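A short worksheet on the structure shown next.
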Amino acid sequence: MECLLPIGPYHPVLSEPEYFKIRVEDGRVVEVDFRVGYNHRGIEKILEGRTGQGVVPIVERICGICNFAHTTCFCNAVERIAGVKLPERADWMRTLTAELERIQSHLLWLGLYADAMGFETLFMHIWKEREGVMRIFEEAFGNRVTKGLNTLGGVRWDIKNEGKIRGVAERIMRYSDELEKEFSSRLVKSRLEGVGVLERKDAKRLSLVGPVARASGIKFDIRRIMPYNAYRELRPEIYTEKDGDCLARVRVRIFEVRESCRLVLECLEGMPEGKLKTGLEFRDGETVGRVEAPRGENLHFVSIKEGRIARVRVRPPTFANFSAVPYMLLGERTADIPVVILSIDPCFSCMDRIAVYNERGERICRF
Amino acid sequence: MISRSPWLYHFNSGGCNGCDIELIASIAPGFDLERLGCVLKGSPRHADILLVTGCVTKQAEKRLKRIYSQLAEKKIVIAIGSCALSGGAFRSSYNRAGPVDRIIPVDIYIPGCPPRPQAIIHGIKTALERL
């Protein structure tokens with residue numbers, strides 16, 4: 001029997017508005033179509049024509065989870081155009097906060113993923129550990145989610161709670177071993193093993209990024225390929241899996257949580273003393289900023305003309321990864337649809353970049 | 001004393017995820033919103049309180065109205081975050097239909113970008129007293 005299964009735009013499985021049209025035959029997915037754009041807020045347009053430090057808080061509002069990756073990407077790009085070299089301590093502060101954010105984002109996803117599988121106890125356990133990182137952010141930056149740390153030409157604050165950060169990083173490092181044990185239990189394996197498989201050649205063809213690509217065996221990480229900030233000295237280890245299924249994506253992220261904890265501790269050890277920021281003036285030019293956000297490569301194209309921002313193009317990791325979802329879904333059971341969709345860690349608020357209307361105000365473009 | 005146990009429905013009208021994640025954080029351990037008898041539900045027909053986050057994009061406007069009409073009586077609406085209240089960073093956006101109170105009546109406003117879980121819990125508790 002064949003039927004059409006609509007999921008979304010507002011659906012309990014998805015925490016953000018998105019629409020999937022899935023054709024199901026005998027309980028198996030045979031065709032997938034999706035529409036995005038419900039979250040489009042026109043950030044790129046809002047940024048145009050602006051100048052000065054006031055643009056950074058707007059860039060920060062692209063995404064509530066990986067906001068630090070976005071501001072780092074944008075600031076690095078503008079600083080490169082202006083030809084400013086950051087003070088060393090600012091570089092290390094950015095790296096430290098980016099790694100803390102990676103821990104927070106991966107734990108968030110692991111928790112939501114456990115919930116999507118129907119393992120609510122694990123969700124609660126993981127979010128309890130994540131709360132530790134959020135409290136660090138609140139103490140250090142005054143806000144739990146949007147940190148407001150980055151500014152053009154450096155960072156705004158110094159960290160005050162080093163001891164606490166070290167404690168939390170060590171605790172989560174220990175917890176990641178426990179997490180690995182939980183996620184390799186028989187029940188979880190029966191749910192995730194061999195589900196949503198993406199072969200290496202497909203992943204390469206679709207140019208995937210981040211943990212999803214690494215789970216399919218592609219060794220791709222901007223922190224190693226084009227080192228920025230303190231990654232020029234710290235060398236994060238890249239972990240890849242061969243299977244390319246949902247379990248592999250979980251394992252890659254658990255490893256990254258552990259690796260990020262190690263990097264945080266290393267950052268605290270090696271943090272040089274010195275100034276936090278330098279002056280910066282908007283200079284004309286254009287460039288591309290690339291950073292490794294928790295979900296993969298984040299790319300900002302920034303063009304400045306006459307001292308004002310002429311164009312910003314944001315290519316977030318979800319935009320690159322999302323095209324793989326239909327391929328992953330084909331042939332899967334209906335019950336596995338949420339598990340497969342969530343396995344790429346979609347962040348639609350990052351990726352909704354366009355909405356096209358006709359003269360009557362109806363949306364006409366599927367994008 | 002709280003004599004009712006209201007259920008919640010969360011509607012993301014085009015936010016940046018910040019408020020949504022803080023809302024989930026307020027349900028998770030550490031804050032535990034469920035001690036007030038609140039549970040997040042998947043359908044507005046089962047819910048007494050509608051939690052709206054985000055700046056209400058044009059695509060979301062019609063759907064927000066429809067979901068409001070499906071809400072169980074006595075429809076209480078809580079707007080969470082600066083975007084839902086005033087547009088926040090997206091005030092000058094061309095694709096914004098909000099703020100929320102221009103589209104549906106709002107009972108409780110929780111400011112902040114994003115508000116802390118403590119603030120969200122305080123807002124929901126205030127709504128409970130009105131039920």
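The values are calculated or read from the model by the stated rules, or taken from the named source; none is laboratory data. The shown structure was predicted, so the numbers you read here are calculated from the model rather than taken from an experiment. Please note: Cβ atoms are built from the backbone with ideal geometry, for glycine as well, and neighbour counts cover all protein chains shown. These area figures cover heavy atoms from the full protein model, side chains too; ligands, DNA and RNA do not enter into them. Shrake-Rupley method; radii C 1.70, N 1.55, O 1.52, S 1.80 Å.
Of note:
- Qualifying residue in the stretch A:65-81 (condition: surrounded by fewer than 22 Cβ atoms within 10 Å (Cβ to Cβ) and either within 14 Å of chain B (Cβ to nearest Cβ) or on the phi > 0 side of the Ramachandran plot (or both)): no
- Here the helices (runs of 4 or more DSSP H) wholly within the stretch A:161-223 that include at least 1 residues being under 23 Å from the mean Cα position of the chain (by Cα) and farther than 21 Å from A:Met124 by Cβ are A:162-183, A:200-205, A:210-215.
- Test result for A:Arg61, under 15 Å from B:Cys16 (Cβ atoms), touching a helix residue (DSSP H, G or I) at 6+ places or on another chain (Cβ under 7 Å) and not hydrophobic (A, V, I, L, M, F, W, C): yes
- Among the candidates A:Thr121, A:Thr97, residue that is open to solvent by 10 Å² or more (accessible area, probe 1.4 Å) and part of a helix (DSSP H, G or I): A:Thr121
- When the stretch B:22-43 is limited to residues that are open to solvent by less than 10 Å² (accessible area, probe 1.4 Å) and outside any loop (DSSP other than H, G, I, E, B), the one that is farthest from the other protein chains (Cβ to nearest Cβ) turns out to be B:Leu33.
- Filtered residues of the stretch A:19-42 (kept if touching a strand residue (DSSP E or B) at 6+ places or on another chain (Cβ under 7 Å) and closer than 17 Å to B:Cys83 by Cα): A:Tyr38, A:Asn39, A:His40, A:Arg41
- Of the criteria (1) open to solvent by less than 30 Å² (accessible area, probe 1.4 Å); (2) under 23 Å from A:Leu330 (Cβ atoms); (3) in contact (Cβ under 8 Å) with a residue 40 or more places away in the chain, which one A:Glu256 fails: (2)
- Breaking point among (1) surrounded by fewer than 23 Cβ atoms within 10 Å (Cβ to Cβ); (2) more than 18 Å from A:Val188 (Cβ to Cβ); (3) among the hydroxyl-bearing types (Ser, Thr, Tyr); (4) within 14 Å of another protein chain (Cβ to nearest Cβ), for A:Ser105: (1)
- Count - residues of the stretch B:99-128 that are at the interface with chain A (Cβ under 10 Å from one of its Cβ atoms) and of a type in the set (Gly, Ala, Ser): 1
- Residue count for the stretch A:1-15 satisfying the condition of being facing chain B (nearest Cβ under 8 Å) and touching a residue at least 40 places away in the same chain (Cβ under 8 Å): 1.
- Selected residue (only one of B:Arg4, B:Arg66 is farther than 28 Å from A:Val133 by Cβ and assigned to a helix (DSSP H, G or I)): B:Arg66
- Here A:Arg144 meets the list (1) part of a helix (DSSP H, G or I); (2) surrounded by 21 or more Cβ atoms within 10 Å (Cβ to Cβ); (3) touching a helix residue (DSSP H, G or I) at 6+ places or on another chain (Cβ under 7 Å); (4) of a type outside the set (A, V, I, L, M) almost entirely, failing just condition (1).
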